[in-house]
Amino acid sequence: MECACFSTDNDDFVTMLASNHRCAAKHHRCSECLGTIFPGQTYLEERYLYDGTVSTHKTCACCESVREHLFCQFTYHELWFNLRDFLYDWMHYDLDGAPWAKIAKLTPSARAHVLLMIEEIWADVEGDEEEDE
């Protein structure tokens, strides 16, 4: 899997039990963005063992695209939080190193979310620079 190599301290104690793409027959909630997965939409369902407890993690196509293209390692339930941190660092320190080619590979929905996040961060960075002057 090709990625931008964002990497978080993933949980080494997670044991994957099953990972399947499913077509939703009813409404579900994405474990990452907390958005609704509507009937008829495809989502990734993962069952895993963590700290002696079996859990199910459902990921919408948008969040799965971000995870697949921008992360080498991740921590469940922290995808967008971690992405915001990484993008903020790049916008602040190394704009030339931003993963534009990787962002272009995202699904249209995921790309729109990431670009909106970049615009919000950019406004924050510009605000920080104005305060420093």
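Compute the signed sum of charges (Lys and Arg +1, Asp and Glu -1) over the other residues within less than 12 Å, Cβ to Cβ, of LEU79. It works out to a net charge of -3. Ligands, DNA and RNA are left out, and with a 1.4 angstrom probe the accessible area of segment 35-111 is 51 Å² per residue.
I'd like the carbon and sulfur percentage of the solvent accessible area for segment 52-117, probe radius 1.4 Å, heavy atoms only, ligands and nucleic acids excluded. List each step's numbers first, then the result.
Values: 1930 of 3350 Å².
After summing per-atom areas, the C and S share lands at 58 percent.
The values are calculated or read from the model by the stated rules, or taken from the named source; none is laboratory data. The shown structure was predicted, so the numbers you read here are calculated from the model rather than taken from an experiment. Using ideal geometry, Cβ is built from the backbone for each residue, glycine included, and neighbour counts are taken over all protein chains shown. Side chains included, ligands, DNA and RNA excluded: accessible areas come from the protein's heavy atoms. Shrake-Rupley method; radii C 1.70, N 1.55, O 1.52, S 1.80 Å.
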